[in-house]
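The values are calculated or read from the model by the stated rules, or taken from the named source; none is laboratory data. What you see is a predicted model; the values in this text were computed from it and never measured. Cβ atoms come from the backbone with ideal geometry, glycine included; neighbour counts cover every protein chain shown.
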Amino acid sequence: MALPLTYLFVPGNRPDRFDKALGSGADAVILDLEDAVDPAAKDDARAMIRAWLDAAPRDGRVLVRINDGGTPWFTDDLSLLRHAGISGVVLPKAEEAAQIARVAGVLAPGGVVVPLIETARGLRAVDAIAAAERVQRLAFGTLDFAVDLDLSGDERGLGPPAMAIAVASRCAGRAGPVAGVTPEIGDEAALARDLAWARAFGFTAKLCIHPRQVDAVRRALAPSDQELDWARRVLAAAGSAAGAVQVDGRMVDRPVLLKAQSILDRAPN
């Protein structure tokens with residue numbers, strides 16, 4: 001089963017938007033109890049999510065972003081995760097594998113954890129976090145990470161942690177990580193730039209904060225017509241020849257074949 005390309009956040013205290021989020025075409029919908037909900041509204045948001053889950057048909061795309069373990073809302077959030085309608089949890093400020101185990105322990109069978117790496121401590125422990133049981137893949141909380149390290153805003157500061165997250169994901173056998181949000185909701189050019197930067201580090205999915213970003217992300221992550229044409233020609237040439245072959249003047253060896261196949265795997269169905 002293909003993993004999501006798009007993870008769409010929706011405020012946990014806006015149940016009027018839950019069904020709309022599911023109808024947006026997003027591969028996964030994250031009901032957010034953390035940044036999108038004021039402290040005074042946390043309890044109400046949790047109750048709203050539970051009531052909606054009780055009434056709605058079960059949908060395997062629903063995840064919940066809880067509050068991190070250092071907050072007073074964490075324990076109550078864990079209680080909500082026992083609901084059968086929740087297929088997974090996004091864990092903010094993940095900093096050690098033990099946190100993953102605690103969260104995973106309350107999920108229904110088959111539930112997954114998407115840890116957000118968004119602090120220096122999280123980055124230091126990224127290998128253990130990536131390898132923890134029930135982790136679906138990692139996500140990079142770029143905005144919070146920049147705050148934690150007091151980065152200037154120059155994207156060069158995010159390059160080394162992005163590569164570390166991608167390497168940890170690969171070493172743990174996880175899918176490519178999820179890129180952080182693009183705050184400029186109506187700026188498709190900014191979204192495309194962010195995605196191109198993330199793809200350069202091996203990220204293969206993205207967090208979205210508005211439904212209009214969903215299709216734009218899917219288009220940007222899909223291989224171009226030129227890439228698909230090249231990949232098909234590479235595989236066709238390799239399949240029809242007994243010995244070494246070339247495509248566009250380049251020798252087709254195993255890495256080239258793997259690259260071609262990965263491009264075709266990313267093509268829309």
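Could you list, in sequence order, the residues of the range 216-232 that are surrounded by 15 or more Cβ atoms within 10 Å (Cβ to Cβ) and either among the β-branched types (Val, Ile, Thr) or part of a helix (DSSP H, G or I) (or both)?
Within the range 216-232, 216, 217, 218, 220, 221, 227, 228, 230, 231 meet the criteria.
Do we find that residue 235 is over 26 Å from the mean Cα position of the chain (by Cα), more than 23 Å from residue 155 (Cβ to Cβ) and either part of a helix (DSSP H, G or I) or modelled with pLDDT of 85 or more (or both) in this structure?
Yes, satisfied.
When you look at residue 101, is it of a type in the set (A, V, I, L, M), assigned to a loop (DSSP other than H, G, I, E, B) and closer than 17 Å to residue 174 by Cβ, yes or no?
no
Are there any pairs with C-beta distances below 6 angstrom linking a residue in the range 108-133 that is buried (at least 19 other Cβ atoms within 10 Å of the Cβ) to a residue that is hydroxyl-bearing (Ser, Thr, Tyr) and modelled with pLDDT of 95 or more, with the two at least 6 apart or on different chains, and if so which?
130/169
Consider residue 8 against the criteria (1) touching a His at 6+ places or on another chain (Cβ under 9 Å); (2) free of Cβ contacts under 8 Å to residues at least 24 places away in the same chain; (3) not β-branched (Val, Ile, Thr): it satisfies all of them except one. Which criterion is unmet?
(2)
Counting only residues that are outside any helix (DSSP H, G or I) and out of contact with any Ser or Thr (no Cβ under 8 Å at 6 or more places or on another chain), which one in the range 109-123 is farthest from residue 151 (Cα to Cα)? If you could, list the steps in order and put the result at the bottom.
Kept after step one, since they are outside any helix (DSSP H, G or I), are these residues of the range 109-123: 109-119.
Of the ones still in play, those that are also out of contact with any Ser or Thr (no Cβ under 8 Å at 6 or more places or on another chain) are 109, 113-117, 119.
Details: 109: 39, 113: 27, 114: 24, 115: 21, 116: 18, 117: 15, 119: 12 Å.
Here the residue is 109.
Only one of these is closer than 30 Å to residue 52 by Cβ, loosely packed, with under 15 Cβ neighbours inside 10 Å and at pLDDT 95 or above: 94, 101. Name it.
101
Can you tell me which of 108, 98 is more than 22 Å from residue 141 (Cβ to Cβ), among the aliphatic types (A, V, I, L, M) and over 15 Å from the mean Cα position of the chain (by Cα)?
108
Those residues that are surrounded by fewer than 10 Cβ atoms within 10 Å (Cβ to Cβ), modelled with pLDDT of 80 or more and either of a type in the set (D, E, K, R) or within 15 Å of residue 2 (Cβ to Cβ) (or both), I need them from the range 254-269; list them, please.
Within the range 254-269, just 254 meets the criteria.
Among the residues of the range 69-82, count how many are surrounded by fewer than 18 Cβ atoms within 10 Å (Cβ to Cβ) and assigned to a loop (DSSP other than H, G, I, E, B).
Within the range 69-82, residues that are surrounded by fewer than 18 Cβ atoms within 10 Å (Cβ to Cβ) and assigned to a loop (DSSP other than H, G, I, E, B) number 4.
Tell me which of these residue 219 doesn't satisfy, since it passes every other one: (1) within 13 Å of residue 6 (Cβ to Cβ); (2) touching a residue at least 24 places away in the same chain (Cβ under 8 Å); (3) among the charged types (D, E, K, R).
(2)
Between 49, 66, which is in contact with a helix residue (DSSP H, G or I) (Cβ under 8 Å, 6 or more places away or on another chain), buried (at least 21 other Cβ atoms within 10 Å of the Cβ) and more than 18 Å from residue 104 (Cβ to Cβ)?
49
Is one or more of the residues making up the range 67-84 within 19 Å of residue 207 (Cβ to Cβ), without any contact (Cβ under 8 Å) to a residue 60 or more places away in the chain and of a type in the set (Val, Ile, Thr)?
No.
Name the single residue that is nearest to the chain's Cα centre (by Cα) among those in the range 174-200 being over 21 Å from residue 147 (Cα atoms) and in contact (Cβ under 8 Å) with a residue 40 or more places away in the chain.
So, considering only residues that are over 21 Å from residue 147 (Cα atoms) and in contact (Cβ under 8 Å) with a residue 40 or more places away in the chain, the one nearest to the chain's Cα centre (by Cα) is 175.
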